[in-house]
Amino acid sequence: MRKDPAVSRIAIVTYDPRPETSKDRDLPVLLEALRAAGAEAEAVFWDDADVDWGGFDLAVIRSTWDYSWRADEFVAWAERCAKATRLANPAHVVRWNADKRYLGELAAAGVPVVPTRYLAPGDAVDLPDDHEYVVKPTSGAGARYAARYTPDQHETAVRHLARMHEEGLTAMVQPYMRGIDVRGERALQFFGGRLLHASRKRAVLAPGTAFDADKVAHPGLEPWTPTPAELSVAERALAAVPDAPELLYARVDLVYGVDGEDGEDGEDGEPRVMELELVEPNLFLFLHPESVPEVVTALLAAAR
């Protein structure tokens, strides 16, 4: 029971890493900063059945990094939690964003995205035969079940698809955006409705890496100053989210193509959305410590 009604109680929602330690480097920093600002902040596992979510003023989803293995269960939890307290981001946003078929909706809204086709269980296998491509699931994180292939690796890619389909997963097939190998991938982080900071990371998918191999999710991470074009595309993507919700946080991952790449814009062309992360994006506060006070201010305002 709350001792002081004037004190905000905030649940930082994470995953249960046991027996390993948590990979969320930002979690202790965020908890300490919130407590120093006068809040009662607690790290809570999303799937802990004993948690009274109604005892918090705000439940903010942060590092629920096992949710893609249990997407239906996670979405159901989000909807229950949202009935008990304020959930950020909102449950309907979680449901929409947990399945990467949202890229099709962004494209239909005129947002430049990486061209994507979807192969559900039972669909005929149709893979590119003239360019390098990526196969990954529509529900996934940290490059789980993702790999890049050349046309001569067709049989390996077919086995990859079969494995995902056996587990009931729908696959995404995208041209490999070779601009990543040269220019990296941009991650624009928004918090409280405005740009918080941006980062750049190098290629995650190395040639020949098996789809079920462990991968480094954010290799070569470094601070980045987004260009006006990158900021514009990111803002267009956020504006296209259905129902125009108030998003507490968001990360827009952008990439470029290269000349002649399956109809892409070229190195000087428009950046494209690779992913729009509205569920549990890593904030990279360890790389941008100057952003911690702004995040704390936004969380306290959301809790009130």
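The values are calculated or read from the model by the stated rules, or taken from the named source; none is laboratory data. All figures in this text were calculated on a predicted structure; none of them were measured in a lab. Virtual Cβ from ideal backbone geometry, glycine too; neighbours counted across all protein chains shown. Only protein heavy atoms, including side chains, enter the accessible area calculation; ligands, DNA and RNA are left aside. Shrake-Rupley method; radii C 1.70, N 1.55, O 1.52, S 1.80 Å.
Observations
- If you filter the range 85-134 down to residues that are hydroxyl-bearing (Ser, Thr, Tyr) and open to solvent by 10 Å² or more (accessible area, probe 1.4 Å), you find that the one that is farthest from ALA301 (Cα to Cα) is TYR118.
- Test: ARG200 is of a type in the set (D, E, K, R) and either on the phi > 0 side of the Ramachandran plot or part of a strand (DSSP E or B) (or both): yes
- Matching residues in the range 204-234 - criterion: being over 16 Å from the mean Cα position of the chain (by Cα), closer than 27 Å to TRP69 by Cα and modelled with pLDDT of 75 or more: LEU205, GLY220
- Cβ-Cβ contacts under 8 Å between residues 6 or more apart (or on different chains), taken from a first residue in the range 120-142 that is under 21 Å from ARG178 (Cβ atoms) to a second residue that is β-branched (Val, Ile, Thr), are listed as LEU127/VAL135; LEU127/VAL158; LEU127/VAL173; PRO128/VAL173; GLU132/THR150; TYR133/VAL173; VAL134/VAL173; VAL135/VAL173.
- Restricting the range 181-202 to residues that are surrounded by fewer than 20 Cβ atoms within 10 Å (Cβ to Cβ) and touching a residue at least 24 places away in the same chain (Cβ under 8 Å), the residue that is farthest from PRO293 (Cα to Cα) is VAL182.
For (1) modelled with pLDDT of 95 or more; (2) polar (S, T, N, Q); (3) outside any loop (DSSP other than H, G, I, E, B); (4) closer than 26 Å to PRO289 by Cβ, each residue gets a yes or a no:
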| position | (1), (2), (3), (4) |
| --- | --- |
| ALA6 | no, no, no, no |
| ALA11 | yes, no, yes, yes |
| ARG18 | no, no, no, no |
| ASP47 | yes, no, no, no |
| ALA59 | yes, no, yes, yes |
| TRP69 | no, no, yes, no |
| CYS81 | yes, no, yes, no |
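- Of the residues making up the range 124-165, those that are over 30 Å from GLU73 (Cβ atoms) and part of a helix (DSSP H, G or I) are PRO151, ASP152, GLN153, HIS154, GLU155, THR156.
- Unmet criterion (only one of (1) over 21 Å from PRO245 (Cβ atoms); (2) open to solvent by less than 10 Å² (accessible area, probe 1.4 Å); (3) touching a Leu at 6+ places or on another chain (Cβ under 7 Å); (4) not in a helix (DSSP H, G or I)) for LEU34: (4)
- Hits in the range 39-50 (condition: open to solvent by less than 60 Å² (accessible area, probe 1.4 Å), under 21 Å from LEU300 (Cβ atoms) and free of Cβ contacts under 8 Å to residues at least 60 places away in the same chain): ALA41, ALA43, VAL44
- Under the condition of being small (Gly, Ala, Ser) and under 15 Å from ALA49 (Cβ atoms), the residues counted in the range 79-101 number 1.
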